[in-house]
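Reading through the structure tokens given below for one structure.
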Ligand code: BYC
């Protein structure tokens, strides 16, 4: 190897690192063609692809109810919501692709069971009230977590979040409205709504991730201004948002220790069952296997579409080549 080649290999990146640090410090955005540290790129691919997978797997618990929703109007609303989630998945996969990973690689990681997606989608949806609880609690938690992500330092991620958050606000309201309707119904309907809230409340708090002292990625992601608030801060903010809404609904949040603390200026709450969370992350939640198998089947069933699209693209390219010649 010649000396100039070695010089290229051993290129000192101090100047690039300084320019990157200055952009972050000045609250500027990092864009796909900008230089970025390899670890920043890796952490973004990790978070954005997991987020995309969550949206795609997240279509299943609600998709399960489209054909059984109680009226045509409810079916249309639910179908539109599930379609929105598919759209969110696609924006996020596109944002991740700007970092150098391909859609095929991400899909492969997901269906092989090597990629994480949000713990929340590994619970079953046995009743119609689950659609209300998902909208109110799951989309509510997503909004709390994602509004700060609109200011994430990586441009394509932050911009995708702006549109996603607008749609999530609508989703949350439709979930709230489902629960409100049930709570104004018969005793059996009220019981069904309360039961769904009981089952989804704790898992929705787990969506924010492990407690701060067990969150290995937080410090670096905060320094890079990807994360703006810690997992526990956002969880507390979410609980503060839920309490008055639960009053309007007339549902009880299933935590006997939940009470306002004047000293800390936030709600005291019971300890979360983190064993349940880590079991789900290890693939042993109630619906992990079903969700993954369903996604795998959908991928295999869609093989003919991918083949047809590839063949069409090949023919178009051959035609263009012939026309040019
Ligand atoms: N579930 O160091 P930490 C939606 C993992 S979908 C599973 O705190 P970080 C919707 C974490 O990945 C919205 N895994 O991590 C769709 C890490 O593992 P790795 C989904 C979790 O990244 C359809 C390890 O635990 N939202 O709204 O600093 C219908 C240690 O955690 C979870 C997003 O994806 C979890 N809940 O912070 C309806 C938001 N929590 O990767 C609604 C974007 C943690 O080191 N993501 N882990 O192997 C984030 O904001 C952050 O990634 C997190 C975690 C706050 C989730």
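Here, each number is a calculation from the coordinates, and none is a lab measurement. If you're wondering where the values come from, they're calculated on a predicted model, not measured in any experiment. Cβ atoms come from the backbone with ideal geometry, glycine included; neighbour counts cover every protein chain shown.
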Condition broken by residue 323, with the remaining ones in (1) touching a strand residue (DSSP E or B) at 6+ places or on another chain (Cβ under 9 Å); (2) loosely packed, with under 10 Cβ neighbours inside 10 Å satisfied: (1)
Checking residue 209 against (1) in a loop (DSSP other than H, G, I, E, B); (2) within 18 Å of residue 120 (Cα to Cα); (3) more than 10 Å from the ligand (Cβ to nearest atom), which single condition isn't satisfied? (3)
Restricting segment 118-130 to residues that are over 15 Å from residue 290 (Cα atoms) and not in a loop (DSSP other than H, G, I, E, B), which is nearest to the ligand (Cβ to nearest atom)? 130
Given the conditions (1) in a helix (DSSP H, G or I); (2) out of contact with any strand residue (DSSP E or B) (no Cβ under 9 Å at 6 or more places or on another chain), and given that residue 95 satisfies all but one, which numbered condition is not satisfied? (2)
Right, residue 130: over 17 Å from the mean Cα position of the chain (by Cα) and either farther than 20 Å from residue 193 by Cα or crowded, with 18+ Cβ neighbours inside 10 Å (or both) or not? yes
If you go through 94, 71, the only one that is surrounded by fewer than 17 Cβ atoms within 10 Å (Cβ to Cβ) and farther than 27 Å from residue 44 by Cβ is 71
Test: residue 115 is within 28 Å of residue 220 (Cα to Cα), outside any helix (DSSP H, G or I) and within 10 Å of the ligand (Cβ to nearest atom): yes
Name the one entry in 196, 188 that is assigned to a helix (DSSP H, G or I), more than 30 Å from residue 39 (Cβ to Cβ), without any contact (Cβ under 8 Å) to a residue 24 or more places away in the chain and away from the ligand (no atom under 14 Å from the Cβ). 188
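At least 1 residues that are away from the ligand (no atom under 16 Å from the Cβ) in each: list the helices (runs of 4 or more DSSP H) lying fully within segment 218-282 that qualify.
Per the criteria, 231-249.
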Given the conditions (1) within 14 Å of the ligand (Cβ to nearest atom); (2) in a helix (DSSP H, G or I); (3) crowded, with 16+ Cβ neighbours inside 10 Å, every one holds for residue 173 apart from (3)
